[in-house]
Structures are given as C-alpha cells and as structure tokens.
1. By how many nm would the segment from A:ALA48 to A:SER219 lengthen if fully extended, with 0.36 nm per residue of separation less the alpha-carbon distance?
2. So for A:TRP65, A:TRP8, what's the accessible-area order with a 1.4 Å probe, most first?
3. For chain A, modelled as a Gaussian network with Cα springs under 10 Å, which listed residue fluctuates most, A:ILE164, A:ILE19, A:ILE93?
4. Highest GNM mean-square fluctuation, chain A, Cα pairs closer than 10 Å: which of A:SER182, A:SER258, A:SER240?
5. Taking square-rooted eigenvalues a ≥ b ≥ c of the alpha carbon gyration tensor, is region A:3-272 rounded, prolate or oblate, where a/c under 1.5 means rounded and, failing that, a/b exceeding b/c means prolate?
6. Just list whichever of A:LYS81/A:LYS213; A:LYS105/A:LYS254; A:LYS38/A:LYS78; A:LYS38/A:LYS261; A:LYS63/A:LYS105 have alpha carbons separated by over 26 Å in the model shown.
7. What figure, in Å² to the nearest 10, do you get for the accessible area of A:LYS213 with a 1.4 Å probe and non-protein molecules left out?
8. Tell me, what is the 1.4 Å probe accessible area of A:VAL201, in Å² to the nearest 10?
Amino acid sequence: MPLTICTWNINSVRIRLDIVRAAVEQLRPDVLCLQETKCQDDKFPLNAIRDMGFPHIALNGQKGWHGVATFSRRPFVKVEKGDFCGKGDARHIAVTLAPEAALGKPLTVHNFYVPAGGDIPDPELNPKFAHKLAFLDELTAWAPLLRDAGDADSHAVLVGDLNIAPLETDVWNHKQLLSVVSHTPIEVDKLTTLQAAGAWVDVMRNFVPPQEKLFTWWSYRSPDHTVNDRGRRLDHVWASRTLAPSAGAMTVLKDARSWEKPSDHVPVALTFG
DNA sequence: ATGGTAGGCAACCTA
C-alpha cells in the first residue's frame, strides 16, 4: 500500500473542521500535518479528528497562535518536539511510523511552521525577520533533523509552511517580490542551505518542473484571489534522498482556496511507494 | 505607494 502525506496551514483548526474533513475525503491521506492550528492541546477537537479516520494524533499547540499537529492512520513509535530560538513557540512536531510494506523502513515526518518574519525585510529593523533568519540557521544545524535526513536505515520527510518561496516560479512575479518577505534573497539562501544540509529533495518540483509556476498560498487581502493568480509557494514537501525516488504522485488542492471559509493556504499531498 | 482580509481573543497581536 502506498502512503500519502498531506500538509496544510489551516489557520485555526477549530473553525475549519468541515473543510479539513472535505480535504481528507478528497485526498485520503495516511498522515495529515497541520500548521497554525491556533489551539491549546487541551482544547483540541480530538473526537472530530478520530472520526475522520485518524486514531493517532500528535499535538504541539499553544494558546492563540502558531501550533502544529500531525494525525495518522498508523501508530507512532516516536514523537519529538523541537523548540527553536529558545522562545517556547509551538512550531514543530516529528512523528515516526513503524516500517510498512511499501517503504520497508521506519518513516519520520517532520512538521514545521517557520516564522513568517513580519513585513520589513531587514533584521536590524525588524525583530520578526531576525527571528525567521535565526530559526533557519538553528534548523540547519539541528542534530535530530540532520540525523533523520541522513539515516540509511529509515526514511524521512520534512513538510510544512516554511513561509519562503525559493524559486522564481514560486511567486507570481519574481522581480516585484524580491524585497517582499518570503522571497528575499537572504531567506531563499538560508532555505537552500537548510535543504542542502540534509540533502533534502524538493519533491513537489519532481511533478511540476521549475519552469512552471506553482503556488500553495493566496493572500486574504484580495477581494478575488483568482484574479491574476497572485500566489506564492510557501508550503513544502521535502523527502530524504532514499525516499525521494518512491514519490509517485502529488496533488496541490487549489480548489480548497475557493471553499467556504477557506484557509489562505491549500493542502499539498504527496504519495510514496 | 498604499491598503486590502482573516483569526484569536478581548488589547491589538499575528499572518
């Protein structure tokens, strides 16, 4: 049986249970990684998630903002949470699934919500941008991630809202967005360095070549997001070198941006094995 | 060049 992993910045899990259910029915993921759940762990709608077919739930939430959660049809053998920049922010959770027939090795799924970085792309003037850059530096040297990326005896995936659109075709207008946080050269450089440190493969781009535009996010601050298609690819799926060749299909569920009470991000699903 | 919308949570903060 192949294994489908889905990532989605949901922008509050509690007010979007209906569209989470709709996405699950459409994509049938085995593992669903959410970001910006904006929900404390003791307030999480566990029963609704179990009813969607995910008996196994790993949470890293906090009150009011951030928060990540990973749901699975198969049990976890390990759960790990990272704390970056010493802020206690809920921006990461990793789960490990036991070996399964198609992939043959344990699989670790890292689910990240990278700081957005505010509006001003200058770390001297904007502490939120400084935090984003420091977060990326810290991740690049983070031993658990390097360990999982390079482990020959297990597979690894890194997914989430990385809040950076690295390629020229990951934004609607490269030149116009060069000084807009999410596409500045310094962020792109740090993301590329992080990717190289683990030899991660940007598997979404195995399915849509780098010459073609590919977006996962469209701003709320536009009356109609379909006009001029002014999107960005902020959400990513990276696979370890050993796993990447078994990536068999990708879906970016763009329709979800037009659903009732949408998130500004859409789900991305990758099938392995 | 600016401001536009959305969510949490009860002031404005964040995206």
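1. Gain on extension, A:ALA48 to A:SER219, equals 58.8 nm.
2. The ranking, largest first, comes out as A:TRP65, A:TRP8.
3. Of the options given, A:ILE19 has the highest mean-square fluctuation.
4. A:SER258
5. In terms of gyration-tensor shape, rounded.
6. Too far apart for the 26 Å limit: A:LYS81/A:LYS213; A:LYS105/A:LYS254; A:LYS63/A:LYS105.
7. Its accessible surface works out to 120 Å², give or take rounding.
8. 40
The values are calculated or read from the model by the stated rules, or taken from the named source; none is laboratory data. What you see is a predicted model, and the numbers here were worked out from it, not measured in a lab. Ligands, DNA and RNA are excluded from the accessible area calculation, which covers all protein heavy atoms including side chains. Shrake-Rupley method; radii C 1.70, N 1.55, O 1.52, S 1.80 Å.
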